[in-house]
Amino acid sequence: MIGPGTGVRVYLACGVTDMRKGIAGLAALTQDVLRQKPTSGAVFAFRGRRGDRIKLLFWDGQGFCLYYKVLERGRFPWPNAQDGAMRLTSAQLAMLWEGIDWRRPDWGAPLTRVG
């Protein structure tokens, strides 16, 4: 994904977001609901009701970037909280964008041999 590099602050908007919102609407949610400055350089992640759509809002210093992804199958992993924000690492954001459950990565699973 072209976008913010590693080490960027990431805020995930818990609950459901109306995916019809564009840059202005998501920036307003960032400020009013998440209590963050939309032009801070952080990435703000929003998910729709069905769970198959995600939008990322990011200020790159010159203007807003809006990334939008729709999964063909499955849902993006999301916390159960109804409102508020949650901080993620840039690594967790990368997993989220790929549809990997960032809440339970299986880093320590032993390798199994086949055959």
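The values are calculated or read from the model by the stated rules, or taken from the named source; none is laboratory data. A quick note: this is a predicted structure, and the numbers were derived from the prediction, not measured. Counting neighbours? That spans all protein chains shown, and the Cβs are built from the backbone with ideal geometry, glycine included. To get the accessible areas, we keep the full protein, side chains included, count just its heavy atoms, and leave off ligands, DNA and RNA. Shrake-Rupley method; radii C 1.70, N 1.55, O 1.52, S 1.80 Å.
A few points about this structure:
- Filter pass, Pro38 being under 14 Å from Gly15 (Cβ atoms), outside any strand (DSSP E or B) and touching a residue at least 24 places away in the same chain (Cβ under 8 Å): no
- Of the listed requirements (1) under 14 Å from the mean Cα position of the chain (by Cα); (2) surrounded by fewer than 15 Cβ atoms within 10 Å (Cβ to Cβ), Trp78 misses just one: (2).
Matching residues to (1) of a type in the set (Ser, Thr, Tyr); (2) without any contact (Cβ under 8 Å) to a residue 24 or more places away in the chain:
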site	(1), (2)
Thr17	yes, no
Ile23	no, no
Asp32	no, yes
Val43	no, no
Arg50	no, no
Gly61	no, yes
Phe64	no, no
Leu71	no, no
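- Region 93-112 residues that are farther than 13 Å from Gly74 by Cβ, paired with ones that are modelled with pLDDT of 70 or more and among the polar types (S, T, N, Q) (beta carbon under 8 Å, 6 or more apart): Trp102/Gln92
- Take the conditions (1) of a type outside the set (Lys, Arg); (2) under 16 Å from Gln92 (Cβ atoms); (3) open to solvent by 30 Å² or more (accessible area, probe 1.4 Å); Val10 misses just one of them, which is (3).
- Of the residues making up region 21-74, those that are β-branched (Val, Ile, Thr) and open to solvent by 30 Å² or more (accessible area, probe 1.4 Å) are Ile23, Val33, Thr39, Val70.
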